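Below is one structure; the comments refer to it alone.
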Number of protein chains: 2
Amino acid sequence: MARTENEDREGRILDAAAQLIAHFGYDKTTVSDIAREAGISKGAVYLHFESKEALFEALLIREMMTYALNWLALLEKDEAGGTLGGMYKSMLYALSDNPFMAALFRQDRHILGNYVRKPDNFFKRFQEGQSSSTRFEFVHRMQAAGALRDDLDPQVITHIMNMLAYGLVSMDGVIPAEETPELDDLIEGIAVMMDRALMSPDPTKADIGKQIVREIVDEAYQRYEQLEKSEQEQTEQ
Amino acid sequence: MARTENEDREGRILDAAAQLIAHFGYDKTTVSDIAREAGISKGAVYLHFESKEALFEALLIREMMTYALNWLALLEKDEAGGTLGGMYKSMLYALSDNPFMAALFRQDRHILGNYVRKPDNFFKRFQEGQSSSTRFEFVHRMQAAGALRDDLDPQVITHIMNMLAYGLVSMDGVIPAEETPELDDLIEGIAVMMDRALMSPDPTKADIGKQIVREIVDEAYQRYEQLEKSEQEQTEQ
DNA sequence: TTTTGACCAATTTTGTTTTTCTGGTCAAAT
DNA sequence: ATTTGACCAGAAAAACAAAATTGGTCAAAA
């Protein structure tokens, strides 16, 4: 089950699925399509995944991991990554870079297709706040640590961040292209705005954010491992 | 054509249409439904409006006027309405208070229905930036007047404002209700944030925004009268 | 003069049948 | 021991016809 070759191939299948589903959506992408794109037969796909649904779920989990790691990497690279704006900036970059996290967040019917209706799926779990509460957690801890001004309700701040993230991935076609700024300029602008409006004036607290993000990503990772373990047990039954 | 009684009835027809279309959408609301709700016959509706499409267009224009006047009224009432945050706050209240402006902005297919596909319609004109460029114009003039810090690209600021407005009217169901703050708290928070991040430190400029909004709404009103005139000429031909 | 609502052509919806497609399996090939 | 792809049952889509609804009109009623 854990052969190197197989794991490589599992990755290739997910790559193929990612490319096709991002373009044609879950419904219009068939398992045969995925197999062809991955250069193997349909039967081989089912050696790695129980069902189309399970395949897609694995893809979403992989993309979520990629997203989180990408976020963290951008953050560590950023000198000023310890501020709220820095942390949020990295998140927005990571989010806009990942079609599936973006699709989940905007509840994209075209990409997620019938998957959203399946009982007890990843999408529903995602929606229950698993993800947005991460942002609340972050704001809350930042305030508790004195890095954020505490004269604004953390729930309000979190929701503003959600609104901006939602706008970033959902406004295609709403504003004419010539009025839409470059992604980079936009995200940098958002970060500057957040910092100016929300950071504590105390400069000694300017770096505390990084540690908090590390903690949160770490906790999320542990939750993920827990989940994977319990799913394995479920399968083995 | 300009009898008081008739104009009253025209308003009642639009009221009926507003109520029904806001709930069932353009496609599922029939002219008979509107007539019944307005307490008159179907034929009478056609004494006031050329077609269902024209009726809806008239409704949208009325709603846009209501929205603009509401915005202005909120603004004048607000002591601190001259700041960017104050102006934006009023706009967000007016927007979230008006189902049709909100529907236009979020491109709501359920409410707008087949109307969006009609050639040369209000929705398309609306989309071409007629509306969002108002916000750009405002930011631009605020900066020119020295009321706004000029170290942020006005296009970026405008787009952030568009994102927040979009999020406000489009995120129903995206974030669980228990994580969503009250509308008032949210809008006030946004206003505070915008002011802190973007207003010039110069306190003498803190009231200049009101005048600029007045100018812009005035110009928009003149554009509207122009439009109405040219449409009348078109009809008379 | 003003208003109505029966009426009509045209569209939309609904119901039904036929055809195609797709997720998943497994005996045979590698 | 792996991998394949023909195969199948069930789902989805397409095609078609029948029924219902709707935007719009206008002779008749008010």
For region B:119-135, give me each residue that is open to solvent by 50 Å² or more (accessible area, probe 1.4 Å) and either more than 30 Å from B:Tyr26 (Cβ to Cβ) or facing chain A (nearest Cβ under 10 Å) (or both).
B:Gln127, B:Glu128
Could you list all residues from region B:38-50 that are more than 9 Å from DNA strand D (Cβ to nearest atom) and crowded, with 17+ Cβ neighbours inside 10 Å?
B:Ala38, B:Ile40, B:His48
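How many residues does region B:158-167 hold that are aliphatic (A, V, I, L, M) and within 7 Å of chain A (Cβ to nearest Cβ)?
Step one: of region B:158-167, the residues aliphatic (A, V, I, L, M) are B:160-161, B:163-165.
Next, only the ones that are within 7 Å of chain A (Cβ to nearest Cβ) stay: B:160, B:163-164.
Going through region B:158-167 one residue at a time, the tally reaches 3.
Table: residues versus (1) within 29 Å of B:Ala145 (Cα to Cα); (2) among the hydroxyl-bearing types (Ser, Thr, Tyr); (3) at pLDDT below 95.
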{"residue": "B:Leu164", "(1), (2), (3)": "yes, no, no"}
{"residue": "B:Ile175", "(1), (2), (3)": "no, no, yes"}
{"residue": "B:Pro181", "(1), (2), (3)": "no, no, no"}
{"residue": "B:Asp202", "(1), (2), (3)": "yes, no, yes"}
{"residue": "B:Lys205", "(1), (2), (3)": "yes, no, yes"}
{"residue": "B:Val217", "(1), (2), (3)": "yes, no, yes"}
{"residue": "B:Gln232", "(1), (2), (3)": "no, no, yes"}
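Go through the residues of region A:82-89 one by one and say whether even a single one is away from DNA strand D (no atom under 16 Å from the Cβ), in contact (Cβ under 8 Å) with a residue 60 or more places away in the chain and open to solvent by 50 Å² or more (accessible area, probe 1.4 Å).
Initially, region A:82-89 is screened for residues away from DNA strand D (no atom under 16 Å from the Cβ), giving A:82-89.
Checking the rest, the ones that are also in contact (Cβ under 8 Å) with a residue 60 or more places away in the chain come to A:82-89.
Next cut, open to solvent by 50 Å² or more (accessible area, probe 1.4 Å) only: none.
Checking region A:82-89: not a single residue is away from DNA strand D (no atom under 16 Å from the Cβ), in contact (Cβ under 8 Å) with a residue 60 or more places away in the chain and open to solvent by 50 Å² or more (accessible area, probe 1.4 Å).
Restricting to region A:47-62, what's the tally of residues that are in a helix (DSSP H, G or I) and more than 7 Å from DNA strand C (Cβ to nearest atom)? Break it down stepwise before answering.
As a first pass, look at region A:47-62 and keep what is in a helix (DSSP H, G or I): A:47-48, A:52-62.
In the following step, the residues that additionally are more than 7 Å from DNA strand C (Cβ to nearest atom) were identified as A:47-48, A:54-62.
Of the residues in that region, 11 qualify.
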Within region A:35-48, is even one residue over 14 Å from the mean Cα position of the chain (by Cα) and within 29 Å of A:Met161 (Cα to Cα)?
no
Within region B:136-157, restricting attention to residues that are touching a residue at least 40 places away in the same chain (Cβ under 8 Å) and within 11 Å of another protein chain (Cβ to nearest Cβ), which residue is least open to solvent (accessible area, probe 1.4 Å)?
B:Ile157
So, of the residues in region B:11-37 that are away from DNA strand D (no atom under 13 Å from the Cβ) and open to solvent by 70 Å² or more (accessible area, probe 1.4 Å), which turns out to be nearest to B:Ala103 (Cα to Cα)?
B:His23
Could you check region B:168-208 and list, in sequence order, the residues that are open to solvent by 10 Å² or more (accessible area, probe 1.4 Å), in a helix (DSSP H, G or I), at the interface with chain A (Cβ under 8 Å from one of its Cβ atoms) and of a type in the set (A, V, I, L, M, F, W, C)?
B:Leu168, B:Val192
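For A:Met65, are the conditions met, namely being aliphatic (A, V, I, L, M) and buried (at least 23 other Cβ atoms within 10 Å of the Cβ)?
Spelling it out, it is not the case that A:Met65 is aliphatic (A, V, I, L, M) and buried (at least 23 other Cβ atoms within 10 Å of the Cβ).
Within region B:26-46, identify whether any single residue is within 30 Å of B:Thr158 (Cβ to Cβ), in contact (Cβ under 8 Å) with a residue 24 or more places away in the chain and away from DNA strand C (no atom under 16 Å from the Cβ), and answer yes or no.
Going residue by residue through region B:26-46, those that are within 30 Å of B:Thr158 (Cβ to Cβ) are B:26.
If we keep only those that are in contact (Cβ under 8 Å) with a residue 24 or more places away in the chain as well, we get B:26.
So of that shortlist, the ones also away from DNA strand C (no atom under 16 Å from the Cβ) come out as none.
Within region B:26-46, none of the residues are within 30 Å of B:Thr158 (Cβ to Cβ), in contact (Cβ under 8 Å) with a residue 24 or more places away in the chain and away from DNA strand C (no atom under 16 Å from the Cβ).
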Within 30 Å of B:Met193 (Cα to Cα) and of a type in the set (A, V, I, L, M): which single residue out of A:Leu95, A:Leu55, A:Leu47, A:Leu59 fits that description?
A:Leu95
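With in contact with a Pro (Cβ under 7 Å, 6 or more places away or on another chain) and farther than 29 Å from B:Thr134 by Cα as the only criterion, which of A:Gln155, A:Gln107, A:Gln127 stands out? Working first, answer last.
Working: A:Gln107 fails: in contact with a Pro (Cβ under 7 Å, 6 or more places away or on another chain); A:Gln127 fails: in contact with a Pro (Cβ under 7 Å, 6 or more places away or on another chain).
From the options A:Gln155, A:Gln107, A:Gln127, the qualifying one is A:Gln155.
Take B:Leu92 and decide whether it is within 19 Å of B:Val116 (Cα to Cα), modelled with pLDDT of 95 or more, away from DNA strand C (no atom under 12 Å from the Cβ) and surrounded by 17 or more Cβ atoms within 10 Å (Cβ to Cβ).
It is false that B:Leu92 is within 19 Å of B:Val116 (Cα to Cα), modelled with pLDDT of 95 or more, away from DNA strand C (no atom under 12 Å from the Cβ) and surrounded by 17 or more Cβ atoms within 10 Å (Cβ to Cβ).
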Just to be sure, is A:Leu20 within 16 Å of DNA strand C (Cβ to nearest atom) and in contact with a Ser or Thr (Cβ under 9 Å, 6 or more places away or on another chain)?
yes
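The values are calculated or read from the model by the stated rules, or taken from the named source; none is laboratory data. Keep in mind that this is a model prediction, so the values were computed, not measured. All Cβ positions, glycine included, derive from the backbone under ideal geometry; neighbour counts span all protein chains shown. Accessible surface areas use protein heavy atoms only, side chains included; no ligands, DNA or RNA. Shrake-Rupley method; radii C 1.70, N 1.55, O 1.52, S 1.80 Å.
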